[in-house]
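The structure appears right after this line, and notes come after that.
The values are calculated or read from the model by the stated rules, or taken from the named source; none is laboratory data. This is a predicted model, so every value here is computed, not measured. As a convention, Cβ positions derive from the backbone with ideal geometry for all residues, glycine included, and neighbour counts pool all protein chains shown.
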Amino acid sequence: MMIGISKEEGDKILEEFLIEVSKINGSKRCAEESFKIMDNFSDSQLIISILMINVIRQQGKIPAHITDFEKQIISALTTMFSCADKEDIPIQLQGIFDGTDDETLEKVGKSNKLNYAVQSFVSAYYHFDLFENKYPEISKML
């Protein structure tokens with residue numbers, strides 16, 4: 001699910017979030033990180049997209065077929081990596097998919113990084129699907 005907002009709206013959302021987080025955290029390091037994020041387009045966009053998708057999710061505005069697809073991908077990854085030998089699991093995911101089944105399920109559920117990656121995959125998949133349907137001849141050339 002692609003979300004579009006103006007640069008001004010995004011900058012305002014980001015600034016408000018970073019101010020609030022810095023107040024709550026209270027550390028000098030958090031304030032320094034906030035300034036760095038404001039100066040880094042990629043990092044800013046990552047935070048804005050996470051904040052926007054969280055609001056949309058909290059409002060229950062994500063279509064069921066999208067959340068179902070995300071759950072299916074998470075389930076498939078969990079099943080596949082839980083049954084795999086440790087050396088067959090990408091090193092980036094080994095910390096999530098080791099331990100007992102219950103421990104793995106808990107880690108998968110708590111992994112913001114994994115959940116964001118799956119959400120991004122599903123979003124990109126559907127976005128590309130729409131693109132292919134809209135521009136079939138151009139899609140053939142990609």
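When the range 106-116 is limited to residues that are surrounded by fewer than 15 Cβ atoms within 10 Å (Cβ to Cβ) and not hydroxyl-bearing (Ser, Thr, Tyr), the one that is nearest to ILE73 (Cα to Cα) turns out to be ASN115.
Rundown of residues vs (1) farther than 30 Å from SER22 by Cβ; (2) assigned by TED's automatic domain parsing to the domain that holds LYS12; (3) β-branched (Val, Ile, Thr), yes/no style:
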{"site": "ILE47", "(1), (2), (3)": "no, yes, yes"}
{"site": "ALA76", "(1), (2), (3)": "yes, no, no"}
{"site": "ASP85", "(1), (2), (3)": "yes, no, no"}
{"site": "PHE97", "(1), (2), (3)": "yes, no, no"}
{"site": "LYS110", "(1), (2), (3)": "no, no, no"}
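What number goes with the only condition from (1) polar (S, T, N, Q); (2) more than 21 Å from the chain's Cα centre (by Cα); (3) under 26 Å from GLU70 (Cα atoms) that SER27 does not pass? Looking at each condition in turn, SER27 falls short on (3). Within the range 71-125, being under 30 Å from SER139 (Cβ atoms) and of a type in the set (Val, Ile, Thr) holds for ILE73, ILE74, VAL118, VAL122.
Restricted to the range 4-19, and to residues there that are surrounded by 10 or more Cβ atoms within 10 Å (Cβ to Cβ) and among the charged types (D, E, K, R), the residue that is nearest to ILE56 (Cα to Cα) is GLU9. If you filter the range 104-128 down to residues that are among the polar types (S, T, N, Q) and assigned to a helix (DSSP H, G or I), you find that the one that is farthest from THR67 (Cα to Cα) is THR104. Among the residues examined, LYS140 does not qualify as in a helix (DSSP H, G or I), among the basic types (Lys, Arg), within 26 Å of SER49 (Cβ to Cβ) and modelled with pLDDT of 90 or more. For LEU14, indicate whether it is outside the structural domain of HIS127 (by TED's automatic domain parsing) and of a type in the set (A, V, I, L, M, F, W, C). Against the criterion (outside the structural domain of HIS127 (by TED's automatic domain parsing) and of a type in the set (A, V, I, L, M, F, W, C)), LEU14 qualifies.
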